[in-house]
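Read the structure below first, then the notes.
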Amino acid sequence: MSDDCNLTPFWQRQPQLPLQIQRFFQARMEAALGDPEARQVLVWPTILGAPGLRKAHPEGIPEAPLRDHAARMLSALGHHDPAAAWQAHLAAWPDTAETGATGWRPAAAWGAWGPLVSLRCGWQLAALTPLPLGARYPLACGVSLFNHGLYHECHDALEPLWDAAEGSLKSQLQGLILLAGGYHHLQQHNLRGMLALWEESLGRLEDCGGRLATPWGEVRAELALDLTARRLDHGKRMTDDADDDAVIGPLWALDRPTWELA
């Protein structure tokens, strides 16, 4: 397995999230995808749910350390006033935090999911922070999120582009969306779902050979298609009574697929 396969904590089975947590992620990702300025909404959950900080401040992170931890991430996004950013966030996203005895804690609705919320928001932020802005931003989001193993978010990034596209580009973008959806099903160990999506995806991307020419750049996914075809072939040869390790194990053992935006 190549070293690239170890660069994301999401290249492994993922838990089925409660609906409330799914909606928490969905709302913030939609905001960050729709407006690069809104990427900062991912900063605060990343900090508030971090296990080390929660252990150090079980009754709430004092506001000064909270702002200090946020400063570097906000600066990378072009924001240099953590205090103003925090107040604006509280006003717009009241479901992020609540007050504790010594400072700010994750909202009670997070329940026991705080560490995962922190990890996923942090990884989303890592995927989106360095991207080019302007017209290339939505497609760059889709590519980067796929490469970070955030397949559900990749689907969300590409769907508006697919919705507005026509002709062969629309079909090819749908192929990428289906490819990402199949890997999301792999994270859930849903064999039937992943195989169905991969089969349709490969059919839609066959004519272009995995190289999609778009108005925002060329997506090169040839290696990803090859790896997916190998996974599809393995999955289709499995019998219904095969155990989970025999079916799913080899799918994880192959290299993690990635795309390139040129």
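The values are calculated or read from the model by the stated rules, or taken from the named source; none is laboratory data. For clarity, every value in this text was computed on a predicted model and none was experimentally measured. A quick note on method: Cβ atoms are made from the backbone with ideal geometry, for glycine too, and the neighbour counts reach across all protein chains shown.
Yes or no: segment 5-27 includes at least one residue that is surrounded by 14 or more Cβ atoms within 10 Å (Cβ to Cβ) and among the small types (G, A, S). So far as segment 5-27 goes, no, none of its residues is surrounded by 14 or more Cβ atoms within 10 Å (Cβ to Cβ) and among the small types (G, A, S). In this structure, is A70 surrounded by 18 or more Cβ atoms within 10 Å (Cβ to Cβ), without any contact (Cβ under 8 Å) to a residue 40 or more places away in the chain, outside any loop (DSSP other than H, G, I, E, B) and of a type outside the set (V, I, T)? For A70, the condition - surrounded by 18 or more Cβ atoms within 10 Å (Cβ to Cβ), without any contact (Cβ under 8 Å) to a residue 40 or more places away in the chain, outside any loop (DSSP other than H, G, I, E, B) and of a type outside the set (V, I, T) - is met. Taking segment 100-124 as the region of interest, how many residues are surrounded by 21 or more Cβ atoms within 10 Å (Cβ to Cβ) and either among the hydrophobic types (A, V, I, L, M, F, W, C) or not in a helix (DSSP H, G or I) (or both)? Residues flagged as surrounded by 21 or more Cβ atoms within 10 Å (Cβ to Cβ) and either among the hydrophobic types (A, V, I, L, M, F, W, C) or not in a helix (DSSP H, G or I) (or both) within segment 100-124 amount to 6.
The C-beta contact set for segment 152-175 (first residue free of Cβ contacts under 8 Å to residues at least 60 places away in the same chain, second residue hydroxyl-bearing (S, T, Y) and outside any helix (DSSP H, G or I), distance under 9 angstrom, 6+ apart or interchain) comprises L161/T214; A165/T214; L169/T214; Q172/T214; L173/T214. If only residues of segment 224-262 that are assigned to a loop (DSSP other than H, G, I, E, B) and modelled with pLDDT of 90 or more are counted, the one that is surrounded by the most Cβ atoms within 10 Å (Cβ to Cβ) is W259.
Within segment 197-213, if we keep just the residues that are surrounded by fewer than 16 Cβ atoms within 10 Å (Cβ to Cβ) and not acidic (D, E), the residue that is nearest to L139 (Cα to Cα) turns out to be A213. Would you mind stating whether E159 is outside the structural domain of Q16 (by TED's automatic domain parsing), under 19 Å from the mean Cα position of the chain (by Cα) and either assigned to a helix (DSSP H, G or I) or among the polar types (S, T, N, Q) (or both)? Taking the combined requirement at face value, the residue satisfies it.
For segment 165-175, indicate whether the set of residues that are in a strand (DSSP E or B) and of a type outside the set (D, E) is non-empty.
No, that holds for no residue.
For segment 216-231, name all the residues that are touching a helix residue (DSSP H, G or I) at 6+ places or on another chain (Cβ under 6 Å) and under 12 Å from Y183 (Cβ atoms). Listed by number, the residues that qualify are T228, R231.
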